[in-house]
1. Convex hull over the Cα atoms of segment 332-442, averaged projected area in nm²?
2. So which of K17/K362; K33/K96; K110/K289 end up more than 30 Å apart by C-alpha?
3. Sum -39500 (n - 2.57) across every DSSP H segment of at least 4 residues in the chain, then divide by the residue count to get the 222 nm mean residue ellipticity, nearest 500.
4. Can you tell me what share of the DSSP beta bridges in the chain is antiparallel? A percent to the nearest 5 is fine.
5. Projected area of segment 200-286, taken from the Cα convex hull and averaged over every viewing direction, in nm²?
6. On full extension of the chain, what length is gained from T177 through R13, given 0.36 nm per residue of separation minus the C-alpha to C-alpha distance?
7. Going by how many other beta carbons lie within 10 Å of each one, how would you line up V156, V264, fewest first?
8. Given H placed 1.01 Å from N in the peptide plane, which residues other than close sequence neighbours of Y385 have an amide H under 5 Å from its amide H?
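Read-outs: derived from the displayed coordinates by stated rules, not from any lab. What you see is a predicted model, and the numbers here were worked out from it, not measured in a lab. Cβ placement follows ideal geometry from the backbone for every residue including glycine, while neighbour counts extend to all protein chains displayed.
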Amino acid sequence: MKQIKQTIKAILRYIDKLFARMGSAVVSRMADKTKRPRPDGTAPKLYIDATYIYSTHINTGIQRVVRNIISHLKTHTEAKGIDLVTVALVNGALLKIEQEELEIFQHRSKITTVLERIRRKVTLYIASFARGEVPYEGDILLMLDSSWHLHVWPSVKYAKQRGASVIGVTYDLIPVTHPQFCDDVMEYYFTNWYRQSLHYFDGYIAISQTVMQNLITYFENENAAIERYGFDYFSLGADFDTRHSDGEAVRESLVELYRNKAPVYLTVSTIEPRKNHRFAYEAFKKLWKSYPEITWLIVGRSGWKTEALQQEMRKDKAYQDRLWILSDLNDAELRYCYRHSKALIFPSVVEGYGLPIIESLKNGLPVLASDTPIHREVGAEMIRYFDLAEPDSLALLIREIEGGILDPKEIKIEKITIPTWDQSARELLEKTITLSNQKNKESKQ
């Protein structure tokens, strides 16, 4: 079954690539690629790539970042006299997307999701042959979305030819540095994406200082002329957009779980190898012998290369008693989990940031995380760490907490200095403009 799914996915990707190449060739011949100054009386534009999130409607880490940044950017772009335009990059065109279509995640059935993805993809493909957005000198294209396997480069090239600056956001380099943890094709897509980006990008903004330094080192190892590019990083926000989540319902079954299964330890992440659910699972199997009342709740969709682990967990007698896996929570439900769990368990081997860590802290939830450089950068002294080199370290930490020997670090929300998404969006905008201006100034010298 796994091989059949992979074959079908490969065929669909090939067909998509074939149509994209044909469409791009047609659109490219139609487009005016001459660099032109912005017409008098018109505001500069900040184009935000949201191609993948618009097509898929998923709500994992990067997509939540994209939604939150976009929803908070407009106030800050307006203050600077900049027009914010969310776009899909298709066939060499930049197609405007209404912001409202991106902001709210709602659970859909699998068949509804597939049909909607097909509808949106076909709609975008057809729309690309009409006139899309026309960039000018002084405009900026910010590559915010996860476009690694999409045929976006004709659109990026068009924006660059028209005189726009192009800035890329880097979330991590895990498919390149740790390919063993990823889908089999991700190393190829990632490597190709970053090599292509060197032809068009003016700068890169990472989501942490650690990732920024990793990116610079990677480019140096690739013998890239890194002096041609600007590098910076910004901090992610941790608050939930209550404009939408306050109106969303928390399903009664989730409330019942917390009412009947306390204490609940929470893990928020896609079930994939680098998230290291196996480490936590082994810890809880030991803990359940002495503390059968402990519940472990995993919030995250099913990922790759963990089929055996997921099957083992679902066959465990603890499953849907002391072990729960939920894959379709909305923001209000996720916030409910953060506010009612005893602690977050975050055993990742490698991360670009670790968004659940700061979301937990922002909601007053203590955090137990693996001792890694990025977790130290994000969590500092606010959280407790366990050693992945010691198989029993997590179980011992929880046993001390449950036995009253050790208290989880008390989180005083009013003293947490983690930025909001509004602050994060403003910081990203400022640094995007700075990198763009630097490159524009250098090109004129």
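1. Details: hull surface 36.7 nm².
About 9.2 nm², averaged over all directions.
2. In this structure, K17/K362; K110/K289 lie more than 30 Å apart at Cα.
3. Value at 222 nm, helices only: -14500 deg cm²/dmol.
4. That works out to approximately 10 percent antiparallel.
5. Numbers: hull surface 41.2 nm².
So the mean shadow area of the Cα hull is 10.3 nm².
6. In short, 56.6 nm is gained.
7. So the ranking, lowest neighbour count to highest, is V264, V156.
8. A369
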